[in-house]
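Here is the structure we will look at.
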Amino acid sequence: MFAENNYNPQFKKLGEILLNEGFISEDQLRQSLNEQKEKKGKLGKILVTLGFAIEEHVALALAKQMGIPFINAEKLLEIPEAIVSLVPEPFAAEHILIPAASDDSVLKVAMADPDDIVAIDGLRNLTNLEIEPALATKNAINAAIEELYIRIRQADEVSEVFGDLQFFTESEDEEEGLVDMSKTQVGIDDAPIVKLCNMMMADALKERATDIHVEMQDHNVSIRFRIDGVLQEVMTPPKSAHSGIISRIKILSRLNIAEKRLSQDGRFTIKAPGKEVDVRVSILPTVNGEKIVMRLLDKTGFAMTLETLGFEPEMLKIFRRWIIQPYGMLIISGPTGSGKSTTLYAALKEIKSPDDNITTVEDPVEYHLDGINQVQVKANIGLTFSAALRSILRQDPDKMLIGEIRDAETADIAVKFSLTGHLVFTTLHANDAPSTITRLIDIGVPPFLVGSCLNLIMAQRLVRRICLKCKEEHQPRTEDLEALGLNNERGRAIKYYRGKGCNRCRGTGFYGRIGIFEMLEMRQNIRRYVFDNKNQEDIRELAMEHGMVTLREAGIMKIEQGITTISEVLRSTVTEV
């Protein structure tokens, strides 16, 4: 694998190993070493920050230097639950490690820091086994801990769910606290419906659902979960259960049970072992009867980082450059459910500091972030986006996140805030990056202000990841290749994969999602186009001349990496003509 037959990486520096493996160039190594002399710090972290290397390559080189095995993210997710359960989850999370293999006397453990003697001694005492360290990236271990331990906790969930789930709803007088609405307070006659609703909620948490849809059909009730962005039918109770389910959800949400003609909105909280989930309820009267949609928001913590969202190295470098600017506006656009808020949360998590006053205005607050002031919009009492923003301007903020620009007043405050020495993060519903400019002007922001305040516009979508457990190579249809423009030399060089379908992915072939991004940096000549009120196609052409990667091209890059499929990219992006 190495250029020299007698090459021994255990006697080489990290930069030399990365260079010898072909992961970086000599020029990149030289730049990184100069950066290290100026700012200090570890060379591997500097290479990743500059976008010259990815975390996995740095970790692989470090493993070679230390003479220990390296375990990638895919292999971590394949570790049997019996092995993982040898180490308690709190210990694994605290020391960023996970057991990978075991025999009668030795436990192989993937660690972010294999030199952590305290962790190794602790593992030896916990398991009475000798410990053999292996290296894995911090992000890969954290993702494996999150998924594998959840799997273990849920193994016997069906039998225990009814005792473990608790439902709470906010009292009308918030000072009274939370009111327990668990099944123990419901009459005996209602028990079958309570059992059904508990099972529905438990399955939704287990299957990582983001939404639950309950709707009346001709002969039964259809209960569907949105998993990885796609609706899947999971239950079909009898038609007679419909009114009971509706009433139960209305009781939990403190809604009017007798009102069946008007739409209603409410909320309640589910508390389960290791989870606290906020449920936003929307009830809509249809010709077949009332339909319920419940949005599930996990409030237990935000674990995503910029590295895990799916940025290509060059895109991550650009994004990081703009989120540390002292002022201006960064807008992320896309439809509902495209991960806009998640990306902004990850950005705030990276830049938050005791030196800054960071405030957010959101509807709803999806995750709670330590060290950041988060405001929940409550339109029914007059706390709208614009009203909250006017108050925040008197709170001496440095950076602000506005959940969404919905009207001219909110847009006006956001623009003025960004033009007076503050950094603003926000989202907007638009199809792509260039059309975001058109949308802002359409809302009522003058072109000269749009051109002046914007730093970066990023459109994003989420595509489903191929399930690693049932991933297989396949040959796509000719018409699909033609639709993506891959019926050429580039397309013939790609290895295409899909998920065959297994228990882990519920037979879909997909498990989890990853972002694809289209970044439009506001260079001077693009700003002039905006000042001159040019149309979005002119702006798009100019941006592409400067190297802007379109959403479709970003999707194709994920196909080349074996992460997603042609069908997913076709589903999530439009044809470029």
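The values are calculated or read from the model by the stated rules, or taken from the named source; none is laboratory data. From a predicted model like this one, the values you see are computed outputs, not experimental measurements. Cβ atoms come from the backbone with ideal geometry, glycine included; neighbour counts cover every protein chain shown. Remember, those area values only see protein heavy atoms, side chains included, never the ligands or the DNA or RNA. Shrake-Rupley method; radii C 1.70, N 1.55, O 1.52, S 1.80 Å.
Being touching a helix residue (DSSP H, G or I) at 6+ places or on another chain (Cβ under 9 Å) and among the basic types (Lys, Arg) is the filter; apply it to the range 257-270 and report the residue that is most open to solvent (accessible area, probe 1.4 Å). Looking at residues that are touching a helix residue (DSSP H, G or I) at 6+ places or on another chain (Cβ under 9 Å) and among the basic types (Lys, Arg), I get 260. Set side by side, the residues 404, 472, 409 differ, and just one is at negative phi and assigned to a strand (DSSP E or B), which is 472.
Scanning the range 533-572 for residues being in contact with a Ser or Thr (Cβ under 9 Å, 6 or more places away or on another chain) and surrounded by fewer than 17 Cβ atoms within 10 Å (Cβ to Cβ) gives a total of 2. In the range 90-114, the qualifying residues are those that are farther than 21 Å from residue 147 by Cα and either without any contact (Cβ under 8 Å) to a residue 12 or more places away in the chain or β-branched (Val, Ile, Thr) (or both), and the one that is surrounded by the fewest Cβ atoms within 10 Å (Cβ to Cβ) is 104. Residues that are touching a helix residue (DSSP H, G or I) at 6+ places or on another chain (Cβ under 9 Å) and either open to solvent by 60 Å² or more (accessible area, probe 1.4 Å) or more than 29 Å from residue 440 (Cβ to Cβ) (or both) within the range 306-336 comprise 307, 308, 313, 317, 324, 327, listed in sequence order.
Exactly one residue out of 378, 349 is within 14 Å of the chain's Cα centre (by Cα) and open to solvent by 60 Å² or more (accessible area, probe 1.4 Å): that is 349. Taken together, the residues in the range 302-329 that are β-branched (Val, Ile, Thr) and within 30 Å of residue 275 (Cβ to Cβ) amount to 3. Kindly establish whether residue 529 is open to solvent by less than 90 Å² (accessible area, probe 1.4 Å), outside any loop (DSSP other than H, G, I, E, B), modelled with pLDDT of 90 or more and touching a Cys at 6+ places or on another chain (Cβ under 7 Å). So residue 529 does not fit the description; no. The residues on offer are 472, 479, and the sole one that is charged (D, E, K, R), open to solvent by 30 Å² or more (accessible area, probe 1.4 Å) and touching a Phe, Trp or Tyr at 6+ places or on another chain (Cβ under 7 Å) is 472.
Remark: residue 328 falls outside the filter, which requires a residue to be at pLDDT 90 or above and over 23 Å from residue 372 (Cα atoms). Residues that are open to solvent by 10 Å² or more (accessible area, probe 1.4 Å) and of a type in the set (Phe, Trp, Tyr) number at least 3 in none of the strands (runs of 3 or more DSSP E) confined to the range 201-256. Tallying residues that are among the basic types (Lys, Arg) and touching a His at 6+ places or on another chain (Cβ under 7 Å) within the range 217-275 yields 2. Among the residues making up the range 9-28, those that are under 19 Å from residue 316 (Cβ atoms) and in a helix (DSSP H, G or I) are 18, 28.
Here the helices (runs of 4 or more DSSP H) wholly within the range 292-392 that include at least 1 residues being in contact (Cβ under 8 Å) with a residue 60 or more places away in the chain and among the acidic types (Asp, Glu) are 313-323. Which members of the range 67-87 meet the condition of being open to solvent by less than 60 Å² (accessible area, probe 1.4 Å), in contact (Cβ under 8 Å) with a residue 24 or more places away in the chain and in contact with a strand residue (DSSP E or B) (Cβ under 7 Å, 6 or more places away or on another chain)? Residues satisfying the conditions are 68, 69, 70, 71, 76, 79, 84, 87.
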